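Notes for the one structure printed next.
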Amino acid sequence: QSAKCGACGPGYATPLDAMKGKYCAREEIVYLPCIYRNTGTEKPDYLATVDVDPKSPHYCQVIHRLPMPNLKDELHHSGWNACSSCFGDATKRRNRLILPSLISSRIYVVDVGTDSRAPRIHKIVEPVELFWKGNVANPHTSHCLGSGDILISCLGDPSGNGKGGFILLDGETFEVKGNWENGEKVPPLGYDFWYQPRHNVLMSTEWGAPKVLADGFNPADVERGHYGRRINVWDWSTHTYLQAIDLGQGSIPLEIRFLHNPDAAEGFVGCALSGAVHRFYKTEKGDWAAEKVIEVPSKKVRGWLLPDMPGLITDILISLDDRFLYFSNWLHGDIRQYDISNTRKPKLVGQVFLGGSITKGGPVTVVEDKELQCQPEPFVIKGKRVPGGPQMIQLSLDGKRLYVTSSLYSGWDKQFYPDLVKEGSVMLQIDVDTERGGLKVNKNFLVDFGKEPDGPVLAHEIRYPGGDCTSDIWI
């Protein structure tokens with residue numbers, strides 16, 4: 001259905017057009033990368049196509065699997081060859097899914113246009129291309145540009161040290177063109193990014209040095225400065241690094257989202273370790289600043305890695321009408337919905353627990369909790385007790401359905417949720433009250449990736465063929 005979304009190029013004219021379903025009906029299938037690295041199964045990662053149409057006989061089933069030709073890639077996030085940034089260009093189609101591999105540094109270009117229900121590999125960009133042409137490695141976030149090219153942020157250099165660089169892929173041939181950034185100055189770490197041409201800005205975030213985070217999390221590495229703390233501000237037209245906004249030692253700012261309205265000069269970033277959401281904004285002077293607007297307090301615990309357990313805000317997104325902000329608290333186990341009508345004072349309007357590390361009867365005892373009266377019950381759906389906690393989230397275009405998966409990254413899953421690696425992750429769906437706010441688990445929806453033909457697998461980020469809240473940028 002996605003290819004017919006508007007005869008004037010991919011995507012939608014405005015975020016509100018996308019939300020009103022002006023061109024597309026509700027999502028019928030979704031794509032998820034499925035990861036075998038660190039699970040003990042020696043099989044390649046694959047792209048799963050899942051049927052999410054309640055009218056379909058294959059509802060909640062994996063209907064196609066596209067295995068990659070290599071082992072231990074660690075597929076992670078994905079992006080498009082073209083999105084709403086190319087709207088109006090009838091020569092462009094959203095028909096290729098870009099799949100960077102976090103660990104192997106390969107980039108797979110997947111053809112989803114020929115048969116959206118049975119994707120096939122179109123091209124493979126080998127790691128050596130990134131190493132030689134860009135001196136970068138560990139590609140993470142991929143966004144399409146209005147120019148037709150594809151911009152991918154990287155975590156490091158070919159030796160596994162941190163380096164916040166970017167590479168450009170040609171939108172037609174998918175050849176590596178070289179680095180996007182100009183000049184000598186590059187941030188010490190990289191991760192996610194979002195751009196906003198109307199304000200001549202690109203904002204990038206920082207996770208950690210690849211060789212440090214590859215096999216797990218050591219809190220001492222935060223003290224050593226191997227983990228991120230800054231939002232990095234770039235000049236969009238000259239591709240030069242302008243400014244660092246320091247959010248504090250040990251904050252680890254991950255997903256960054258501008259408001260969807262392309263005139264807006266503000267957005268939000270979720271910080272994993274500090275459990276904070278910061279609003280970033282353009283100042284009167286024309287530079288950028290940030291203020292903390294949400295904080296999830298750590299819980300004092302026994303029976304865990306540390307005496308204080310952070311929420312670990314791992315994914316955030318904003319509804320297309322810029323009214324609600326959602327985020328996942330991977331360790332505490334909840335998903336939250338905030339009304340951001342006033343961006344400086346987000347208001348909690350929905351919350352639901354989907355597992356996590358502090359459920360009753362587990363190894364962890366909470367000794368002091370600033371938010372909850374008691375430890376939450378384990379999360380059970382269709383008779384299955386769900387391991388892990390809520391992690392990647394994706395909202396339907398109309399804002400009414402929030403899809404959730406439970407794997408963060410195989411090296412960290414193995415450390416924090418050993419059962420998740422043994423049993424595989426899940427995909428769940430939450431019904432959203434878009435009038436007053438409120439979240440409710442859809443008890444009929446479960447995709448159990450523990451039941452895959454080659455054994456339990458870790459499913460990660462969710463994409464719809466017609467674009468979504470975290471891939472499309474309006475310019």
Residues satisfying the stated conditions in the range 451-475, i.e. touching a Leu at 6+ places or on another chain (Cβ under 6 Å) and either of a type in the set (Lys, Arg) or part of a loop (DSSP other than H, G, I, E, B) (or both): Ile462, Cys469, Thr470
Return the pair list, or none, for Cβ contacts closer than 6 Å from residues in the range 117-143 that are over 25 Å from Asp215 (Cβ atoms) to residues that are assigned to a loop (DSSP other than H, G, I, E, B), at least 6 apart or on different chains. Pro119/Val112; Lys123/Phe174
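Residues checked against (1) in contact with a Leu (Cβ under 6 Å, 6 or more places away or on another chain); (2) in a loop (DSSP other than H, G, I, E, B); (3) farther than 17 Å from Ser396 by Cβ; (4) not hydroxyl-bearing (Ser, Thr, Tyr):
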{"site": "Leu306", "(1), (2), (3), (4)": "no, yes, yes, yes"}
{"site": "Ile316", "(1), (2), (3), (4)": "no, no, no, yes"}
{"site": "Asp322", "(1), (2), (3), (4)": "yes, yes, no, yes"}
{"site": "Leu331", "(1), (2), (3), (4)": "yes, yes, yes, yes"}
{"site": "Ile335", "(1), (2), (3), (4)": "no, no, no, yes"}
{"site": "Thr343", "(1), (2), (3), (4)": "no, yes, yes, no"}
{"site": "Val349", "(1), (2), (3), (4)": "no, no, yes, yes"}
{"site": "Ser357", "(1), (2), (3), (4)": "yes, yes, yes, no"}
Among the residues of the range 120-155, count how many are under 20 Å from Trp474 (Cβ atoms), of a type in the set (A, V, I, L, M) and outside any strand (DSSP E or B). 1
Might you check whether a residue that is assigned to a loop (DSSP other than H, G, I, E, B), over 17 Å from the mean Cα position of the chain (by Cα), hydrophobic (A, V, I, L, M, F, W, C) and within 30 Å of Tyr12 (Cβ to Cβ) occurs anywhere in the range 249-272? yes
In the range 25-67, the residues that are surrounded by 22 or more Cβ atoms within 10 Å (Cβ to Cβ), part of a loop (DSSP other than H, G, I, E, B) and not β-branched (Val, Ile, Thr): Glu27, Tyr36, Arg37, Asp45
For the range 70-99, give me the residue count where each residue is free of Cβ contacts under 8 Å to residues at least 60 places away in the same chain and either within 17 Å of Thr114 (Cβ to Cβ) or not basic (Lys, Arg) (or both). 3
Out of curiosity, is Pro219 closer than 20 Å to Glu74 by Cα and more than 17 Å from the chain's Cα centre (by Cα)? no
With the requirement that a residue be of a type in the set (Gly, Ala, Ser) and either surrounded by fewer than 23 Cβ atoms within 10 Å (Cβ to Cβ) or farther than 21 Å from Asp157 by Cβ (or both), what does the range 76-127 give you? Ser78, Gly79, Ala82, Ser84, Ser85, Gly88, Ala90, Ser104, Gly113, Ser116, Ala118
One residue is enough: does the range 233-247 have a residue meeting the conditions exposed (fewer than 15 other Cβ atoms within 10 Å of the Cβ) and closer than 16 Å to Ala272 by Cα? yes
Among the candidates Val136, Val109, which residue alone is touching a Gly at 6+ places or on another chain (Cβ under 7 Å) and either more than 12 Å from His76 (Cβ to Cβ) or of a type in the set (Ser, Thr, Tyr) (or both)? Val136
Considering the range 164-190, residues that are part of a loop (DSSP other than H, G, I, E, B) and of a type in the set (A, V, I, L, M, F, W, C), and then whichever is nearest to the chain's Cα centre (by Cα), we arrive at Leu189
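Taking into account only those residues within the range 191-216 that are part of a strand (DSSP E or B) and among the hydroxyl-bearing types (Ser, Thr, Tyr), which is farthest from the chain's Cα centre (by Cα)? Full working, then the answer.
In the first step, residues of the range 191-216 are kept if they are part of a strand (DSSP E or B); the result is 193-196, 201-204, 208.
Checking which are among the hydroxyl-bearing types (Ser, Thr, Tyr) leaves us with 195, 204.
Details: Tyr195: 16, Ser204: 14 Å.
Going through the qualifying residues, I end up with Tyr195.
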Considering (1) crowded, with 17+ Cβ neighbours inside 10 Å; (2) at pLDDT below 95, say which one Ser406 fails and leave the rest. (2)
Single unsatisfied condition, Pro376 versus (1) in a strand (DSSP E or B); (2) surrounded by fewer than 24 Cβ atoms within 10 Å (Cβ to Cβ): (1)
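The values are calculated or read from the model by the stated rules, or taken from the named source; none is laboratory data. A quick note: this is a predicted structure, and the numbers were derived from the prediction, not measured. Methodologically, a virtual Cβ is constructed for each residue, glycine included, from the backbone with ideal geometry; neighbour enumeration extends over all protein chains shown.
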